[in-house]
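What follows is calculated from the coordinates using simple rules that are stated; it is not laboratory data. Please read these numbers as outputs of a predicted model, since none were measured by experiment. Note that each Cβ is placed from the backbone with ideal geometry, even for glycine, and that neighbours are counted across all protein chains shown.
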Amino acid sequence: MNEDGKKDDCFVIGGKKAKFIDPLSDWGFKKLFGTEANKEILLEFLRDLFPDKRIEDIAYLNNENQGLSEADRKSVFDVVCRTVAGDRFIVEVQKKDQRYFMERSLYYSTFPVQEQGLRGDWDFRLTPVYMVGILNFALKHDCPGGTAAENGGNPKLINRYDLRERETGELMTDNLHFVFIEVGAFDRKEEELESVMDKWMFVLKNMARLLDRPEALQERIFRKLFEAAQIAAMPHEEQVLYRDNMMTENDYRNCIDFAREEGIAEGEARGLAAGEAKGRAEGKSEGIVTVAKSMKAMNLPMETIMQATGLSQKEVEEL
């Protein structure tokens, strides 16, 4: 019961009150954007993100990709869908920055490209592939003249990349696109929301901390989103799954942070003791190895260790 004597529909997760699912958690994002019951939410999000495209409907695809051979490393995406026109969208949530993030995104985009290959006589005609990253951090940009220091010198929070000739800007192909939404760098308050994408970023960043739907979010799709995100409205089994996943996610994050801080600090200390730039560089490298060893000792998943350190599976296994 709350102070007014009414039933409290909030839950305590990780020591904090929560009424709505965290849409930036793995489980929460797949629940809200990756299920058939909530398909309209993903559909409207994509329509708002790509206003120039006519997206009539989407169909969810298998989010596990094995590659072309058994030797290829498989990838499991958060959400994958295809439009009626055949365009493919990979939508990924990334809570923390990691080494080689852009390269990882490029690697992920190759799966839906390769899947379009046909046996026999094929002319290599492809339908567009879109890699959408929802990031709970700010990317580091090399943009001279930018004014948003918190965003690495780039005043934009939604960045769109494609393949173009460097000097003329000529488009090489219109079939591969990358869109990164830097939710973590979004800092507008409710009364400052202007565009529909402002509202999406506000919801993605703040929903887990809200106890009511903000007045600024009156559109039908946001009403549906908040209804779908109510923890108290979920079946008991899903409530348990969500609690367990959030606790596991928090435990992993704490383990990674601890291992990284301890390992990097130890490595940098060795480098500084050497008193040379080379020593500091070697110390940082040793620190990454120490991080990986610590995470192995904690029995964290191989994928988690690789993402946190940038090491390959072979490098981790040989430690």
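Spelling out what I want: for every residue of segment 101-109, take phi, set θ = phi - 60°, compute 6.51 cos²θ - 1.76 cosθ + 1.60 (Karplus), and round to whole Hz; glycine and proline get x.
For segment 101-109, the Karplus curve yields 4, 5, 5, 5, 5, 4, 4, 4, 5 Hz.
List the trypsin sites (Lys or Arg not before Pro) within segment 149-218 that DSSP assigns to loop and that have no more than 13 neighbouring Cβ atoms inside 10 Å.
Here the sparse-neighbourhood loop sites are ARG166, LYS189.
State, to one decimal in nm, how far the label point of GLU190 lies from the label point of LEU211, with both points 7 Å from Cα in the Cβ direction.
For GLU190 paired with LEU211, the spin-label model returns 1.2 nm.
Fewest first, what order do VAL179, VAL80 take by the number of other Cβ atoms within 10 Å?
By the 10 Å Cβ count, ascending: VAL179, VAL80.
Please report LEU32, LEU211 as a ranked list, fewest other C-beta atoms within 10 angstrom at the top and most at the bottom.
So the residues, fewest neighbours to most, are LEU211, LEU32.
Simple spin-label model, 7 Å along Cα-to-Cβ: GLU115 to ILE158 in nm?
That separation, rounded to one decimal, is 2.4 nm.
What length, rounded to one decimal in nm, is gained on full extension from LEU171 through to ALA233, with 0.36 nm per residue of separation minus their alpha-carbon distance?
Additional length available on full extension: 17.6 nm.
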